[in-house]
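FYI, it's all coordinate maths here, none of it is from the lab. This one's a predicted model, so the numbers in the text were calculated from it and none came from an experiment. Every residue, glycine as well, gets a Cβ built from its backbone with ideal geometry; the counts of neighbours run over all protein chains shown.
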Amino acid sequence: VCRGFSSSAVRNVVIKHVTIIGSGQMGAGIAQVAASTGHSVTLVDTSDDILKKSVKGIEGSLRRVVKKKFADKPEAGEEFIQKVLQNVSTSTDAGSVVQGSDLVLEAIVENLKIKQDIFGQLDKVAPQHTIFASNTSSLPISDIASSTSRLDRFGGLHFFNPVPMMKLVEVIGTSATSQETFDSLLNFSKVLGKTPVSCKDTPGFIVNRLLVPYIMEAVRLHERGHGSKEDIDIAMKLGAGYPMGPLELADFVGLDTAKFIIDGWSAMDPSNPLFAPSELLNKKVAEGKLGRKTGEGFYKYK
Ligand code: 3HC
C-alpha cells in the first residue's frame with residue numbers, strides 16, 4: 001500500500017476505546033467482538049429504541065457464542081455475557097462521545113453523502129490521535145475520507161457477516177493512509193481475534209470483488225433456466241465445500257446489498273460482463289424480497 005507522509009505526530013495508536021456509528025447487523029457484530037475482547041465500546045444510532053434492539057441482538061448472539069464456548073460452565077458463560085455487556089454503552093449523539101475514542105468505526109447505510117457528513121462533523125470534535133475507519137463494502141475509502149482533514153488517519157476495516165463467526169477483516173489503506181494508522185488497524189484486528197488481510201482501496205477490495213461476481217453468475221445461471229436454485233446451492237456446497245450456496249448466501253447478505261454493489265460497478269464499467277445487472281435480482285428487490293431480513297428472497301424464511 002502506498003502511503004503519504006503523516007501530517008501528525010501520531011505513532012501506532014493502541015485502540016482501547018471505540019465508537020461505532022450504526023447499530024445494524026454489522027455495527028452490532030463489531031461492537032460485540034470489540035467488547036468481548038476487552039475494549040470499551042460506544043454504539044451510536046439515531047434513536048434509543050434502535051439501540052435497545054441492537055443491544056438485545058448482541059446479547060442473543062453472545063448467548064449463542066457462550067453456549068459453545070462455555071458448554072460445561074454455564075455460570076462462567078453468564079458472567080462473561082454480563083462483563084461484555086458492561087463494556088458496551090450507547091448514545092444518539094456521536095459528537096459528544098468521540099472525545100474519548102481511539103477509533104471511530106462507521107457501519108451505516110451505503111450512502112456516500114451521509115458518511116461524508118458524519119465523518120466531516122466528527123473530524124472537528126474528535127481528538128487528534130483518533131483514527132477514523134469505514135466498514136463500507138462498496139464505496140471508495142478515499143471518497144469517504146475526503147470530507148475530513150485526517151487523511152493520514154483514515155482507513156477501511158471491512159468485516160463479514162456474521163461478524164462474531166467470520167474470522168477475516170480486510171484492512172484498507174488509501175494512498176494517504178499513514179503506515180502508523182495502517183499498522184494500528186492491523187493490530188486492532190488481531191486483538192479482536194481476527195485475521196487481517198491488507199487491501200488496496202479498489203472496488204470490492206478482495207472478498208467482494210470475487211464473491212459478488214460469483215453470486216451474480218449463480219443468479220444469471222438460474223435466470224437462464226440452467227439450474228434450480230436448490231441444485232445450484234447444493235452443487236456449490238457439496239462440490240466446492242462452501243458453507244452456503246450462492247443463492248442462500250445472496251439471501252443472507254441481502255439482495256438489496258448485492259444489487260447496490262453490482263449497480264455501482266456496472267455504472268463504473270458497463271462493458272464488463274461480470275458486472276452486468278440481472279432482471280431477476282432487480283425484480284426481487286423491487287418487490288421488497290430482500291432475503292432473510294424480509295422473510296423472502298430466493299427462498300422463504302419463517
Ligand atoms: N452470532 C453468534 N454465533 C453465531 C451466529 C451469530 N450471528 N451465527 C452463527 N453462530 C454460531 C452459533 O454457535 C451457531 O450455533 P447455534 O445455532 O446453536 O446458536 C453455529 O454458529 C452454527 O450456526 P448454524 O447452525 O446456524 O449454521 P452453520 O454451521 O452453517 O454456520 C455460518 C453459519 C457461520 C453463517 C455459515 O453458514 C457460513 O460461514 N456462511 C457463509 C457466510 C459468509 O460467507 N459470510 C460473508 C458474507 S459477505 C459479507 O459479509 C461482506 C459484505 O460486505 C457483503
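When shorter helices are ignored and each DSSP H run of at least 4 residues is given -39500 (n - 2.57), the per-residue value for the chain at 222 nm works out to -14500 deg cm²/dmol.
Please report the spacing between the Cα centers of the range 251-302 and the range 160-239 in Å, no decimals. Between the Cα centres of the range 251-302 and the range 160-239 lies a distance of 16 Å. If only the Cβ of Lys and Arg carry +1 and only the Cβ of Asp and Glu carry -1, the dipole of the range 17-200 around its Cα centre is close to 540 debye.
Anisotropy class assigned to the chain is oblate, per the alpha carbon gyration tensor with a/c at or over the 1.5 cut-off and a/b no larger than b/c.
A cut-off under 13 angstrom between Cβ atoms defines the neighbours of ILE20, and their net charge, with Lys, Arg +1 and Asp, Glu -1, is -3. About its Cα centre, the dipole of the range 160-254 is roughly 160 debye, where the only charges are +1 on Lys and Arg Cβ and -1 on Asp and Glu Cβ.
When the Cα positions of GLY57, ASN111, GLY27 are compared along the charge dipole of the chain, GLY57 comes out farthest toward the positive end, with charges on each C-beta of Lys, Arg, Asp and Glu. Taking the Cβ of ILE232 as the center, what net charge do the other residues with Cβ under 15 Å away carry, scoring Lys and Arg +1 and Asp and Glu -1? With Lys, Arg at +1 and Asp, Glu at -1, the net is -3.
Each part reduced to its alpha carbon centroid, the range 119-138 and the range 55-79 end up 32 Å apart.
Here the range 32-90 is assigned +1 on the Cβ of each Lys and Arg and -1 on the Cβ of each Asp and Glu. Its dipole about the Cα centre then comes out at about 280 debye. Once the other residues with Cβ under 13 Å from the Cβ of VAL125 are scored (Lys, Arg +1; Asp, Glu -1), what is the net sum? With Lys, Arg at +1 and Asp, Glu at -1, the net is 0. As a proxy for reagent exposure, ranking LEU210, LEU139 by other Cβ atoms within 10 Å from fewest up yields LEU210, LEU139. The 3J(HN,Hα) values that the Karplus relation (6.51, -1.76, 1.60; θ = phi - 60°) gives for the range 234-241 are, in residue order, 4, 4, 6, 6, 8, x, 10, x Hz. Gly and Pro appear as x.
What trypsin sites (Lys or Arg not before Pro) in the range 161-262 are in a loop by DSSP, with at most 14 other Cβ atoms within 10 Å of the Cβ? Within the range 161-262, the qualifying trypsin sites (Lys or Arg not before Pro) (loop, at most 14 other Cβ atoms within 10 Å) are LYS167, ARG224. What is the antiparallel percent of DSSP beta bridges lying wholly in the chain, to the nearest 5? In the chain, approximately 20 percent of DSSP beta bridges are antiparallel ones.
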